[in-house]
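The structure appears right after this line, and notes come after that.
The values are calculated or read from the model by the stated rules, or taken from the named source; none is laboratory data. For clarity, every value in this text was computed on a predicted model and none was experimentally measured. All Cβ positions, glycine included, derive from the backbone under ideal geometry; neighbour counts span all protein chains shown. These area figures cover heavy atoms from the full protein model, side chains too; ligands, DNA and RNA do not enter into them. Shrake-Rupley method; radii C 1.70, N 1.55, O 1.52, S 1.80 Å.
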Amino acid sequence: MSTTSTANTTAARAHARSQAGASTDSMPVLPASAWPTPPAGVDAGRLTWAETVPGGRYTGKVLARGTRIRLRDIDGRACAHVLLYRADAPHERLNVADTVKVPWQAYLGVGHPLLSDQGRVLATVVADTSGAHDTFCGVTTLAGNTARYGDGTAHSATPAGRELFVLAGAKHDLTVRDLSPSLSFFHGVRVEPDGALTPTGNAGADTVVELLLHLPLIVLIANTAHPLDVAADYPTTALEVLAWQAPEDLEDLPNDDPEYLRAVLNTEDAWAASRFGKDAR
């Protein structure tokens, strides 16, 4: 319905322009350096991404090699489902099976590599105060959310993670067939001796996970309820996403396992080849 302030194009333009400079708690801060509270020890000028993602919403960005991403569970009920794609070759993407298999560890923590199916490290977990993560369950689906909450469409109050990933991926020329299994941060799942999956929930408010990117990546995030969340309602709360340039961190990695070091060498080899004749850093 139009109002007196938007009844014609001149008024609508004036109304729209009057919103310039306004911000909400669910939009990116531009430039990212304007974020009021950068991480301790990080100069605001190094920030390349600063955003708060409400529960039931998504985001995504193309980030450079050597970027460090900090995800923060602000109020204790965020669930960050993450997909990674190599920006210069999107057919190479996060492979959750190899991320579990190669390092002989299903539970994510500091030093854990997030691997592609080409044996390369896309990112490494370099900080973690949560410890509540999941490599098994992926995201919710339209059918599952419709059965549980009554709706799972992307623009509903209870959107499924897969529906949000469809929208996030489309903005980077990725289609439904490109949506591989994802990782979940801030909602833990443990495997029982009989193979049953038991949700352990969130670790609490103000917990943080940081990832260091080894290659230029498309990063997609859906902040939605976990498939095994026991809450009767749709419980997801806001997620803070900050990223900054930290290429020097690639020289001081938190893992010396042979499988990890081999994957790092595979990554460095691919990066050097792609940068032939250019600055290889």
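Restricting attention to region 131-151 and to residues that are touching a Leu at 6+ places or on another chain (Cβ under 9 Å) and among the small types (Gly, Ala, Ser), the residue that is least open to solvent (accessible area, probe 1.4 Å) turns out to be GLY138.
Do the conditions hold for LEU197, that is, is it open to solvent by less than 40 Å² (accessible area, probe 1.4 Å) and among the aliphatic types (A, V, I, L, M)?
no
Exactly one residue among LEU212, LEU167 is at pLDDT 95 or above, under 24 Å from SER33 (Cβ atoms) and either within 19 Å of the chain's Cα centre (by Cα) or exposed (fewer than 13 other Cβ atoms within 10 Å of the Cβ) (or both), and that residue is LEU212. Considered as a group, the residues in region 80-117 that are of a type in the set (D, E, K, R) and crowded, with 17+ Cβ neighbours inside 10 Å include one that is nearest to ARG275 (Cα to Cα), and that residue is ARG86.
Residue count for region 38-63 satisfying the condition of being open to solvent by less than 60 Å² (accessible area, probe 1.4 Å) and not in a helix (DSSP H, G or I): 17. Residues of region 174-189 that are touching a residue at least 60 places away in the same chain (Cβ under 8 Å), out of contact with any Gly (no Cβ under 7 Å at 6 or more places or on another chain) and not polar (S, T, N, Q): LEU174, LEU183, PHE185, PHE186. Within region 116-158, the residues that satisfy the criterion of being assigned to a loop (DSSP other than H, G, I, E, B), in contact (Cβ under 8 Å) with a residue 60 or more places away in the chain and under 18 Å from VAL102 (Cβ atoms) are GLN118, GLY119, ARG120, PHE136.
Testing GLY21 on (1) within 23 Å of ALA238 (Cα to Cα); (2) modelled with pLDDT of 95 or more, one condition comes back false. Which one is that? Among (1) within 23 Å of ALA238 (Cα to Cα); (2) modelled with pLDDT of 95 or more, the lone unmet condition for GLY21 is (2). No other residue among ARG70, ARG120 is of a type in the set (D, E, K, R), open to solvent by 30 Å² or more (accessible area, probe 1.4 Å) and touching a His at 6+ places or on another chain (Cβ under 9 Å) apart from ARG120.
Scoring VAL219 on the criteria (1) closer than 19 Å to ALA89 by Cβ; (2) surrounded by fewer than 20 Cβ atoms within 10 Å (Cβ to Cβ) leaves a single failure, condition (2). In region 179-194, the qualifying residues are those that are touching a helix residue (DSSP H, G or I) at 6+ places or on another chain (Cβ under 7 Å) and among the hydrophobic types (A, V, I, L, M, F, W, C), and the one that is surrounded by the most Cβ atoms within 10 Å (Cβ to Cβ) is LEU183. Here VAL29 clears all of (1) under 16 Å from LEU211 (Cα atoms); (2) open to solvent by 20 Å² or more (accessible area, probe 1.4 Å); (3) assigned to a loop (DSSP other than H, G, I, E, B) except the condition numbered (1). Please indicate, with yes or no, whether at least one residue in region 171-178 is open to solvent by less than 40 Å² (accessible area, probe 1.4 Å) and under 17 Å from the mean Cα position of the chain (by Cα). Scanning region 171-178 turns up at least one residue that is open to solvent by less than 40 Å² (accessible area, probe 1.4 Å) and under 17 Å from the mean Cα position of the chain (by Cα).
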